[in-house]
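Each reported figure results from applying straightforward, stated rules to the coordinates on display, with no laboratory input. Given the structure is predicted, the values throughout are model-derived calculations rather than measurements. Methodologically, a virtual Cβ is constructed for each residue, glycine included, from the backbone with ideal geometry; neighbour enumeration extends over all protein chains shown.
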Ligand code: GDP
Ligand code: IMO
Ligand code: MG
């Protein structure tokens, strides 16, 4: 069986969690391969809503095993809280159901303090990070001084490494950023206690993925963040510090090219972004409130991780086509189509304009979008409530036309549309 991949095509929060939940009914392994607890993936099942930051969304299906691959960065306090939350909600979590890569890196309070200090130092040029220590943890990994999960298995050596790491971080915090130092012994105590709780979960997950694929089992890779937040291919420097795109699955799980499956891109029916950075189709004022919601619905556009209001705008098909290319998408899932009901018209950005010239593709990737103005196509809207639509013919013809246009411009078929957060609120196309 192949390796299927679910990735976000925008700036995150596309609804990957709910799509992974749908696909997980037929998966054996569900694996996170990038990012950390900057992610917030929401899955609604009946009266229960799960908000997952580290554990793959597929864990809710009892036949799956969750994997945290080597490309993930782990803040143990979040992970343990999430395990408790799941257990309290009736989901079994133990080492028979969840494995953590020995090569995944740890996030420490030092990384979180650095994240906060670096953001403060950027002043008006802030990235608007989630403050979860993601950037500093991946910096330490790339600088070859990071601390890996496997080090938790040797307590005396781990304690020494933690103390040395906090002492070194304190030098940077105090000398460079004039920030408060941390207590190295206290942090080491805390992390040694985590090591005791998490030691039994640590495994060579690359080998587990390989063995599953060899046995003919099905593996689903769950992306966190989105294509435009990719460290290499996103709106640099307003990006995260990992590779959320499909190519990131291979190094992030330690799996080779041999198991090609579906590469499923998730896009909202409009566009959102949380944090700073370019957003050509952004709308402001009342129009924004209409797309964002006011917070009265659980799905309104407020960050799952930080609660920040998300910036909103029209669907940008130039960036969507870019995501198709970067990820080699085989298909698209469009989420939150229900939110557009009631708008007289729906806008779709089909090209960019700069210096009197029109571009249907980006000349230099999305890092500098400042020269471009979006060129919109305006399509008729629809009034009908879509939340009970379950088949293509249940959708008004204007909504069908909008989806067909998304397929045409992106060059990839829309295979599924979601019309509400619940498991059954989907239309297979
Ligand atoms: P992720 O980070 O990509 O997993 O997305 P988030 O969970 O952060 O944000 C997506 C939000 O939209 C969640 O609150 C979901 O419950 C909700 N959601 C997903 N699909 C739909 C949909 O089709 N309609 C509506 N109304 N809400 C949806
Ligand atoms: P999911 O998986 C939306 C954004 C932050 C910030 C930038 C860098 O739920 O889609 P970081 O803390 O990673 O250094 O912040 O990336 N960001 C997300 N935005 N959804 C996410 O995850 C995000 N994870 C990070 O807001 O702009
Ligand atoms: Mg999210």
Express in nm, to one decimal, how much length is gained between residue 415 and residue 144 on full extension, taking 0.36 nm for each residue of separation and deducting their alpha carbon distance. 93.4 nm
Sort 149, 83 by Cβ crowding within 10 Å, fewest neighbours at the top. 83, 149
Label point distance in nm, residue 48-residue 394, each placed 7 Å from Cα along Cα→Cβ: 2.4
A student applying the Cα gyration tensor rule (rounded when a/c is under 1.5; otherwise prolate if a/b is larger than b/c, oblate if not) would label region 69-113 oblate
With a Förster radius of 25 Å, plug the Cβ-Cβ distance of residue 287 and residue 384 into 1/(1 + (r/R0)^6) and report the FRET value to the nearest 0.05. 0.75
Give me the log10 of I(q) over I(0) for the chain at q = 0.08, 0.11 Å⁻¹, as the Debye formula computes it from C-alpha points; what are the numbers? -0.43, -0.82
On full extension of the chain, what length is gained from residue 345 through residue 207, given 0.36 nm per residue of separation minus the C-alpha to C-alpha distance? 44.6 nm
How much length would be gained if the chain were fully extended between residue 306 and residue 89, taking 0.36 nm per residue of separation minus their Cα-Cα distance, in nm to one decimal? 75.9 nm
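Could you order the peptides 272-284, 152-164 from most to least packed, using the average number of other C-beta atoms within 10 Å per residue?
Taking the mean over residues of other Cβ atoms within 10 Å, the ranking is 272-284, 152-164.
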For the chain, longest principal axis from Cα atoms; helix 109-122 axis from its Cα atoms; angle between them, nearest 10 degrees, is 50
Mean Cβ neighbour count within 10 Å, used as a protection proxy, ranking 315-324, 122-131 highest first: 315-324, 122-131
Residue 26-residue 262 pseudo-label distance in nm [points 7 Å out on the Cα-to-Cβ vector]: 0.6
Would you list 147, 5 from fewest to most Cβ contacts within 10 Å? 147, 5
Listing 206, 391, 341 by rising number of other beta-carbon atoms within 10 angstrom, fewest first, gives 391, 341, 206
Report, to the nearest 10°, how far helix 317-327 tilts away from the longest principal axis of the Cα atoms in the chain, using its own Cα long axis and a range of 0 to 90°. 40
Under 20 Å from the residue 325 label point (7 Å along Cα→beta-carbon), backbone N, region 266-304: 266-267, 278-281
Taking the Cα centre of each part, how many Å lie between region 35-84 and region 349-415? 31
Cα-based helix-to-principal-axis angle, 155-177 vs the chain, degrees rounded to 10: 60
